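The values are calculated or read from the model by the stated rules, or taken from the named source; none is laboratory data. Only a predicted model underlies this, so the values are computations on that prediction, with no experimental measurement involved. Cβ coordinates were reconstructed from backbone atoms using ideal geometry, including for glycine residues, and neighbour counts include every protein chain displayed.
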Amino acid sequence: MPIHRLIARWCVATLPVLCVALLHAPMAAAQDYPSRAVRLIVPFSPGGAVDGPTRLIAQEMSKRIGQQVMIDNRPGAGATIGSEAVAKAAPDGYTLLLASQTNAISASLYPKLNFDLTEDFAPITLLSREQGVLVVNPAFPARTLAELIAYVKQHPGKVDYASSGNGSGQHLFMALFTSMAGLKMNHVPYRGSGQATADVLGGQVSMSLPGLSSMLGHIRAGKLRPLAVTGTRRSPALPDVPTMAEAGVKGYAAYIWMGLMAPKNTPPAIIARLQGEAHAVLASVEVQTYMTNASIEPVVSTAAEFGTFFREEKKRWAVIIKDTNAKID
């Protein structure tokens, strides 16, 4: 029999077997998952707003999955450096992204990326949200938000604010505030929250708008003065501090949020496993206690809900970036 017919017969005979093997390969991989350490890339520097809750969640996830969840900080360029590393990683569940509102912001602020912040990831679940808080150095001559607005209007272009970097939530939260309040201020971007906070504490920069949880210690010690929070309701941790809307910036509302993402094409069974473990961790006494004390709100979602939420956040910040004319400084 001609060799080509033998090959044809072999292909026909083995094709069903190959198909079954290919179909079962992802399921087998998911059943064995995880068989080694999982790397969680955090696209921010250590010591920032996401540091504490992320490390606790990673620690508790490690206990549940029986493998270490290792934090890998990759800060810079509006979280795009760390995000690109995840987008280009193997879709096997061993490289994950700690996503945040900065990713949704950067999707519009950085138009020439080597990856797509919407299409190149598989959402897993939302994890939390928290308010931002506008803080000033105690030497700054304003004790209320109204006094700050009046002072900046009297000194246009002469007051600085710090942020954790171009395209960060701190940058855009403040850009939104200055736009809505009709202010002209100078943006001073840093490579992470730690140095930005240090310079506000030291008086080199007048103010910043970071996450509430990382500021509570400085506020309670009298090292920073809180003027307003960014949510729709006052924080139980700072009941005497008004919301932006209460303090005169009507319609202002913004939250810092965190979520888990994986590279696109990660097997659904692995996504489901990670989602379930993350939800269990968020329901644990350790995490609930920590988040309550830090004024962080745990949030859970399905993968589809997180995907919809992210697309809506991207659209929202795209409009704000256009309206405020925010740029990468």
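Taking the numbered list (1) more than 27 Å from P236 (Cα to Cα); (2) part of a helix (DSSP H, G or I); (3) of a type in the set (G, A, S); (4) touching a residue at least 60 places away in the same chain (Cβ under 8 Å) in turn, A272 passes all entries but (4). For T197, the criteria (1) over 17 Å from V249 (Cβ atoms); (2) not in a helix (DSSP H, G or I) hold in every case but one, which is (2).
Within the range 228-241, the only residue that satisfies the criterion of being surrounded by 18 or more Cβ atoms within 10 Å (Cβ to Cβ) and either farther than 18 Å from A49 by Cα or free of Cβ contacts under 8 Å to residues at least 12 places away in the same chain (or both) is V241.
A quick yes/no check of all residues on (1) modelled with pLDDT of 95 or more; (2) surrounded by 20 or more Cβ atoms within 10 Å (Cβ to Cβ); (3) hydroxyl-bearing (S, T, Y):
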residue	(1), (2), (3)
R5	no, no, no
K63	yes, no, no
G66	yes, no, no
T95	yes, yes, yes
S106	no, yes, yes
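Out of (1) in a loop (DSSP other than H, G, I, E, B); (2) surrounded by 19 or more Cβ atoms within 10 Å (Cβ to Cβ); (3) not charged (D, E, K, R), the odd one out for A245 is which? In the conditions (1) in a loop (DSSP other than H, G, I, E, B); (2) surrounded by 19 or more Cβ atoms within 10 Å (Cβ to Cβ); (3) not charged (D, E, K, R), A245 misses (2) alone. When every residue of the range 139-161 is checked against the conditions, none turns out to be of a type in the set (A, V, I, L, M) and under 28 Å from S83 (Cα atoms). Each residue in the range 62-80 was checked for being among the hydrophobic types (A, V, I, L, M, F, W, C) and under 12 Å from R39 (Cα atoms), and 3 of them qualify.
Results for (1) buried (at least 18 other Cβ atoms within 10 Å of the Cβ); (2) outside any loop (DSSP other than H, G, I, E, B); (3) among the hydrophobic types (A, V, I, L, M, F, W, C), shown as yes or no for each residue.
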site	(1), (2), (3)
A99	yes, yes, yes
P111	no, no, no
F115	no, no, yes
S128	yes, yes, no
G132	yes, yes, no
K153	no, yes, no
Y161	yes, yes, no
N166	yes, no, no
L172	yes, yes, yes
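Residues being more than 28 Å from H187 (Cβ to Cβ), modelled with pLDDT of 95 or more and either outside the structural domain of S213 (by TED's automatic domain parsing) or out of contact with any strand residue (DSSP E or B) (no Cβ under 7 Å at 6 or more places or on another chain) (or both) are represented in the range 234-251 by at least one member. Annotation note: of E277, E297, E305, the sole residue that is touching a residue at least 24 places away in the same chain (Cβ under 8 Å) and either outside the structural domain of L98 (by TED's automatic domain parsing) or over 30 Å from F115 (Cα atoms) (or both) is E297. All of (1) of a type outside the set (A, V, I, L, M, F, W, C); (2) crowded, with 19+ Cβ neighbours inside 10 Å; (3) closer than 26 Å to A79 by Cα hold for R311 with one exception: (2).
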